[in-house]
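Worksheet: the structure to be examined is printed underneath.
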Amino acid sequence: MIKFALDEQATTPVPTVFLKKYMCDAPADYVKVYLYGLCLANAGTQLSDVELEAELHMTASQIEAALNYWCLKGQMKRSGTKYAFIMPDGGVKEEEPKRRRAPLYEMQNFNNMLRTVLARDLSPAELNKIYDYTDVFGLPQDVVLALVEYCVAERGNRISVAYLDKVAEGWAEEGINTLEKAEQKIESYKAVSGGANRLMRLMGLHGKYPGKTEMDLYNKWTEKWGFTHEAIEFVMKGKEFSKDQPFKYLDAILRSLYDRGITSSRKINEFYTAQKERRANIKAILTALKYSRIVVAPKHEQFYDEWRAAGFSQEIILLACAQSVKLGSRRFESVDGFLKEWKQQGLGTEEEIKKYLRKQNTIDRKIAQVYESAGVTRTIGENDRRTYLRLTQEKGLAHDVLLYAAEYSSLKDRPFEYMMKVLNRWAEEGVDTLEKAQKQNLSNLFAKAPSAMEREYSEEEKKKRRQDAYADMERLYGE
């Protein structure tokens with residue numbers, strides 16, 4: 001728990017000496033810690049380490065570095081985990097820092113080396129900021145020089161001191177406090193920066209350099225997720241990257257591959273080849289369903305993935321499409337219905353399904369003959385097929401018997417219902433051949449049917465229609 005307190009002589013307003021002498025030269029995050037801590041101290045509020053990190057959007061080590069900075073500057077004093085703000089006793093007066101910084105002329109050798117590396121003169125304010133790397137961050141001068149030299153090599157001699165601040169702070173947090181560690185860090189930087197820089201060129205971002213975000217993402221892709229640089233470039237082929245956060249867009253693509261366990265160039269190539277084939281197959285399905293716009297939608301992909309997971313080949317799916325179009329539907333749900341029906345029938349191969357369809361088409365043609373003879377206009381569905389098979393296979397009625405009943409039923413007001421009554425009665429009575437059917441007293445049978453089924457015909461018209469029907473039956477089935 002970090003505690004803040006105001007000393008006895010402190011006042012609530014921000015000290016002028018802080019505003020005029022320290023704030024402008026201090027790192028922005030350090031100013032944030034100072035002001036927020038002063039606010040908490042004034043209100044008598046205490047926050048846990050976790051709460052403070054969440055409020056400031058900083059890590060514990062970053063907050064501690066800021067507090068140590070202000071202690072070094074003489075603006076705070078520390079006692080355990082308690083930090084007290086040191087406020088001026090009226091007016092602005094110089095404070096005595098805990099560590100006395102050497103005058104600029106005593107740092108002449110260090111200054112000259114900085115000037116040589118940067119190839120330009122540094123202002124006193126810039127030098128004071130760089131001195132913080134040794135006085136505040138605790139980095140040796142040779143480490144600071146190595147840091148500056150590396151940054152200049154990467155960004156050029158016009159690099160800002162503000163950028164150097166961030167790098168130096170990062171090194172301090174990581175404990176890069178010897179020249180050997182600095183050299184190892186630089187080698188690591190070069191590898192990551194070089195790779196990230198090449199990606200930026202492929203994205204069309206010329207004249208820009210990878211920053212912390214790009215470096216962190218590239219390091220995550222290669223070190224944590226295991227992508228090679230070549231694999232990342234392979235993923236980027238054929239893709240367009242906007243200038244607005246292109247690395248985050250690439251990060252989303254790589255994450256989708258990483259979550260699938262696809263990180264090598266070979267696996268990525270296999271995956272993209274399969275994806276390309278998948279889209280081509282879905283487009284072939286849309287074409288088979290007579291779609292005018294061949295655009296693959298998420299709904300189409302979901303149906304397709306379910307069909308393939310169920311074991312249906314592309315050829316079988318296209319057969320289902322043809323059947324669906326034949327019955328006047330172009331919907332994926334209709335195709336799905338056919339596939340499920342075939343699976344329930346135990347049909348697993350293309351040949352088995354084609355054989356089933358040929359048989360089904362034969363049945364449909366026979367049913368169509370019966371309906372046409374009865375004068376029935378009706379779309380043939382699965383219920384019609386089941387009824388036909390029940391009458392012909394289970395009950396044993398010949399196809400001619402169905403046609404015979406259909407011819408006479410055509411005289412009725414509701415021919416389909418009447419025909420089914422006749423056929424069901426014959427099935428019960430064993431009238432299974434045309435000869436047996438012809439011996440039935442159809443006139444009496446008609447008389448037993450409800451009068452509501454009769455059309456409004458005169459007696460003369462009824463007699464003529466019966467005569468015509470008998471003539472047609474004689475022509476079709478007579479001896």
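The values are calculated or read from the model by the stated rules, or taken from the named source; none is laboratory data. Quantities reported herein were computed from a predicted structural model and do not represent experimental measurements. Heads up, the Cβs are rebuilt from the backbone with ideal geometry, glycines too, and the neighbour counts pull from every protein chain shown. What goes into the accessible areas is simple: the full protein's heavy atoms, side chains included, and nothing from ligands, DNA or RNA. Shrake-Rupley method; radii C 1.70, N 1.55, O 1.52, S 1.80 Å.
Side notes on the structure shown:
- Which numbered condition Ala320 misses (of (1) touching a helix residue (DSSP H, G or I) at 6+ places or on another chain (Cβ under 6 Å); (2) aliphatic (A, V, I, L, M); (3) touching a residue at least 40 places away in the same chain (Cβ under 8 Å)): (3)
- Residue match in segment 76-83 (condition: open to solvent by 30 Å² or more (accessible area, probe 1.4 Å), of a type in the set (D, E, K, R) and either assigned to a helix (DSSP H, G or I) or modelled with pLDDT under 80 (or both)): no
- Of the listed requirements (1) part of a helix (DSSP H, G or I); (2) open to solvent by 80 Å² or more (accessible area, probe 1.4 Å), Leu286 misses just one: (2).
Residue-wise test of (1) among the hydroxyl-bearing types (Ser, Thr, Tyr); (2) more than 28 Å from Ala368 (Cβ to Cβ).
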site: Arg279; (1), (2): no, yes
site: Thr287; (1), (2): yes, yes
site: Gln323; (1), (2): no, no
site: Gly328; (1), (2): no, no
site: Gly348; (1), (2): no, yes
site: Ile353; (1), (2): no, no
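- Qualifying residues in segment 374-391 (those that are open to solvent by 30 Å² or more (accessible area, probe 1.4 Å) and in a helix (DSSP H, G or I)) - the one nearest to Lys421 (Cα to Cα): Thr387
- When Ala274 is tested against (1) touching a residue at least 12 places away in the same chain (Cβ under 8 Å); (2) not in a loop (DSSP other than H, G, I, E, B), just one condition goes unmet, and that condition is (1).
- Selection within segment 265-280: residues that are surrounded by 15 or more Cβ atoms within 10 Å (Cβ to Cβ) and not hydrophobic (A, V, I, L, M, F, W, C). The member of this set that is nearest to Glu230 (Cα to Cα) is Ser265.
- Members of segment 205-225 found to be surrounded by 12 or more Cβ atoms within 10 Å (Cβ to Cβ) and assigned to a loop (DSSP other than H, G, I, E, B), listed by number: Leu205, Lys208, Tyr209, Pro210, Gly211, Trp225
- Exclusive hit being open to solvent by less than 70 Å² (accessible area, probe 1.4 Å), without any contact (Cβ under 8 Å) to a residue 40 or more places away in the chain and within 30 Å of Asp244 (Cβ to Cβ), set Val148, Val167: Val167
- Looking across segment 308-358, the residues that are farther than 20 Å from Asn281 by Cα, in a loop (DSSP other than H, G, I, E, B) and aliphatic (A, V, I, L, M) come down to Leu327, Leu347.
- Taken over segment 46-59, the criterion of being open to solvent by 50 Å² or more (accessible area, probe 1.4 Å) and under 15 Å from Thr81 (Cβ atoms) is satisfied by Gln46, Asp49, Val50, Glu51, Glu53.
- Per the listing Arg115, Arg120, the residue uniquely more than 45 Å from the chain's Cα centre (by Cα), assigned to a loop (DSSP other than H, G, I, E, B), at pLDDT 85 or above and closer than 28 Å to Gly194 by Cα is Arg120.
- With respect to (1) touching a Lys or Arg at 6+ places or on another chain (Cβ under 8 Å); (2) open to solvent by less than 70 Å² (accessible area, probe 1.4 Å); (3) closer than 28 Å to Glu233 by Cβ, the lone exception for Val161 is condition (3).
- Of all the criteria given as (1) under 25 Å from Ala320 (Cα atoms); (2) free of Cβ contacts under 8 Å to residues at least 24 places away in the same chain, the one not satisfied by Arg425 is (1).
- Test for Tyr249: is it assigned to a helix (DSSP H, G or I) and among the hydroxyl-bearing types (Ser, Thr, Tyr): yes
- Take the conditions (1) more than 20 Å from Asn111 (Cβ to Cβ); (2) open to solvent by 20 Å² or more (accessible area, probe 1.4 Å); (3) aliphatic (A, V, I, L, M); Ile176 misses just one of them, which is (2).
- Residue within segment 159-166 that is in a loop (DSSP other than H, G, I, E, B) and under 18 Å from Asp29 (Cα atoms) present: yes
- Of residues in segment 140-157 being closer than 17 Å to Asn112 by Cα and not in a helix (DSSP H, G or I), the one modelled with the lowest pLDDT: Asn157
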